[in-house]
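Worksheet: the structure to be examined is printed underneath.
The values are calculated or read from the model by the stated rules, or taken from the named source; none is laboratory data. Everything quoted here is computed from the prediction, not taken from an experiment. A quick note on method: Cβ atoms are made from the backbone with ideal geometry, for glycine too, and the neighbour counts reach across all protein chains shown. For accessibility, only protein heavy atoms count, side chains too; no ligands or nucleic acids. Shrake-Rupley method; radii C 1.70, N 1.55, O 1.52, S 1.80 Å.
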Amino acid sequence: MRILSGMRPTGRFHLGNYLGAAKNWVDLQSQYECFYFVADYHALTTEPDGRKAEDKVFDLTADLIAVGIDPKRSVLYLQSKVPEVAELTLLLSMVTPLSWVQRVPTFKQMAKQHPDNVNLGLFSYPILQGADILIVKGAGVPVGKDQLAHLELVREVARRFNRTYRPIFPEPRALLTETPLIKGTDGKQRMSKTVGNIVGVTDDPEVIRKQVLSMVTDIKRPRRTDPGHPRLCNVCGFYKYFFDDWQHYWDLCRRAQIGCYDKKKLLAERMIELFRPFREVRAELTPDAVNSILDEGSARAQDVARQTLREARAAVGLPPYLDR
Ligand code: TRP
């Protein structure tokens, strides 16, 4: 099974990206052939100036390498360096009924977030995502829960293409983590840069400390001496991922033997310690090193992409390329 996934370069990587998706990306490397990319075409749906994404592309790529994506084992690339993806998007769009895309809930949310830039690219975002996956014939797609609607659409489009022409694409499946939805420091919404409720992963310890200490805890525990409700507390929720003996801390909390502030301090220090190796790798990566990794990965991805596109063009009944 071939694995593919991508992330938009929207700024520094956070716990939601890590626990909800990238950790899974890293683990899958030991068993499968993996393709991972930075989705800079997708970023254009909300920010038309590609130059503004440049630093973010570096940040995200460096973060992915820092948390364990190994460019020797996986193909790590930049989406726009494989422009074949754009041609496949076009071919897929011809077999995609408009009504299928209109159903996708993320379009409405995105349009609300960017009311003065509701463009066709934003609308067809999931078709571009489908082309990302199908161009390498990805069969397993590790993503967060928010991407399930897109994956469902991509499966339908693949099926439709296969039926209309001939079966060349697998129907990709979403691979969810055990922790597909990570809430932000507000304890309410999904952790996201746009909401501003993130906790960093490769950021400096002071940044992580500040973010963790700002977390909303158990609202049903007004005083330190009141018993806590770990199940309702987002901070206690995070203990499950960071402490093997999390149950011990949950007990202390229930018996009011540890306060919310102390729990946050402990959590912050634990995260800072666990993420230390990530920070160290990150600090060594220069823009030049990252660029050459992306160039190399993109060339490998492009070889695969051209092969698929040759097949897709032939299936559709278009003439072959002249020069390839
Ligand atoms: N839409 C994904 C997100 O917002 C990013 C993405 C783009 C993606 N293309 C993809 C994820 C292909 C998986 C497969 O997170």
(message) For ARG223, what accessible surface area do you get with a 1.4 Å probe? Give it in Å², rounded to 10.
(response) 150 Å²
(message) Can you sort THR202, THR286 by solvent-accessible area, 1.4 Å probe, largest first?
(response) THR286, THR202
(message) Run the reach check for LYS210 against aspartates and glutamates, Cα to Cα strictly under 16 Å, same-chain hits fewer than 8 apart removed. What comes back?
(response) ASP186, ASP262, GLU269, GLU273
(request) Starting from the Cα of LYS81, draw a straight line to each of the aspartates and glutamates and keep only those under 15 Å, dropping any in the same chain fewer than 8 residues away. (result) ASP40, GLU54, ASP132, ASP295, GLU296, ASP303
(message) How large is log10 of I(q)/I(0) for segment 172-324 at q = 0.10, 0.21 Å⁻¹ when the intensity is taken from the Debye formula with one equal scatterer per alpha-carbon?
(response) -0.56, -1.32
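Need one number: convex hull volume per residue for the chain, Cα atoms only, in Å³. Numbers along the way, then the final one.
Details: hull volume 45.6 nm³, N = 324.
Per-residue hull volume (Cα only) is 141 Å³.
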(request) Please give the residues of segment 54-75, grouped as numeric ranges, whose backbone N is less than 13 Å from a label point set 7 Å along the Cα-to-Cβ vector of ASN291. (result) 54-55, 58
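With the full set of protein chains in place, find how many percent of the accessible area of the chain is carbon and sulfur; take the probe as 1.4 Å.
On the way: 8120 of 15900 Å².
The C+S portion of the solvent-accessible surface of the chain is 51 percent.
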(message) Past the 16 angstrom mark, what percentage of all C-alpha to C-alpha distances in segment 108-156 do you count?
(response) 45 percent
(request) Roll a 1.4 Å probe over the protein chains and send me the accessible area per residue for the chain in Å². (result) 49 Å²
(message) Only Cα pairs within less than 10 Å get springs; with that Gaussian network setup on the chain, which residue of ARG73, ARG306, ARG279 has the largest fluctuation?
(response) ARG73
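Calculated from DSSP H runs of 4 or more alone, at -39500 (n - 2.57) each and per residue, what is the 222 nm mean residue ellipticity of the chain, nearest 500?
-15000 deg cm²/dmol
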(request) Distance between Cα centroids, segment 250-303 to segment 170-189: provide it in whole Å. (result) 18 Å
(message) Can you compute the modelled spin-label distance between LEU148 and ALA283, with each label point 7 Å from Cα toward Cβ, in nm?
(response) 4.1 nm
(message) Which residue, THR61, THR217, CYS34, has the largest displacement toward the positive end of the dipole of the chain when charges sit on each Cβ (Lys, Arg +1; Asp, Glu -1)?
(response) THR217
(request) Would you mind classifying segment 1-148 by shape? Square roots of the alpha carbon gyration tensor eigenvalues, ordered a ≥ b ≥ c; an a/c under 1.5 is rounded, otherwise it is prolate if a/b is larger than b/c and oblate if not. (result) prolate
(message) Please check: in the Gaussian network model of the chain (C-alpha springs, under 10 Å), which one of ALA62, ALA149, ALA39 has the largest mean-square fluctuation.
(response) ALA149
(request) Would you mind working out the magnitude of the charge dipole of the chain relative to its Cα centre, with +1 at each Lys and Arg C-beta and -1 at each Asp and Glu C-beta, to the nearest 20 Debye? (result) 1220 debye
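Using 0.36 nm times the number of residues separating ASP70 and SER192, minus their current alpha carbon distance, what extension gain do you get? Write out the running numbers ahead of the final one.
Numbers: separation 122, 0.36 × 122 = 43.92 nm, distance 2.52 nm.
That works out to 41.4 nm of additional length.
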(request) Could you calculate the contour length gain from ARG224 to ALA299, that is, 0.36 nm times the residue separation minus the distance between their Cα atoms, to one decimal place in nm? (result) 21.3 nm
(message) Quick check: pseudo-label points 7 Å beyond the Cα along Cα→Cβ at THR106 and ARG255, how many nm apart are they?
(response) 4.6 nm
(request) Return the FRET efficiency for the residue pair LYS265, ASN162: r is the Cβ-Cβ distance, R0 is 41 Å, and the value is rounded to the nearest 0.05. (result) 0.15
(message) Restricting everything to alpha-carbon atoms, can you work out Rg to Rh for segment 205-274 with a Kirkwood hydrodynamic radius?
(response) 0.94
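For ASP245 and GLU206 in the same chain, what is the full-extension length gain: residue separation times 0.36 nm, less their Cα-Cα distance, in nm? Provide the component values of the computation, followed by the final result.
Numbers: separation 39, 0.36 × 39 = 14.04 nm, distance 2.53 nm.
The ASP245-GLU206 span can extend by a further 11.5 nm.
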(request) Could you pull out the pairs from LYS56/LYS145; LYS112/LYS263; LYS52/LYS265; LYS23/LYS137 whose alpha carbons sit more than 32 Å apart here? (result) LYS112/LYS263; LYS52/LYS265
(message) Going by amide H atoms built from the backbone, whose H comes under 5 Å of the H on PHE37, apart from near neighbours?
(response) SER5, GLY6, MET7, TYR77
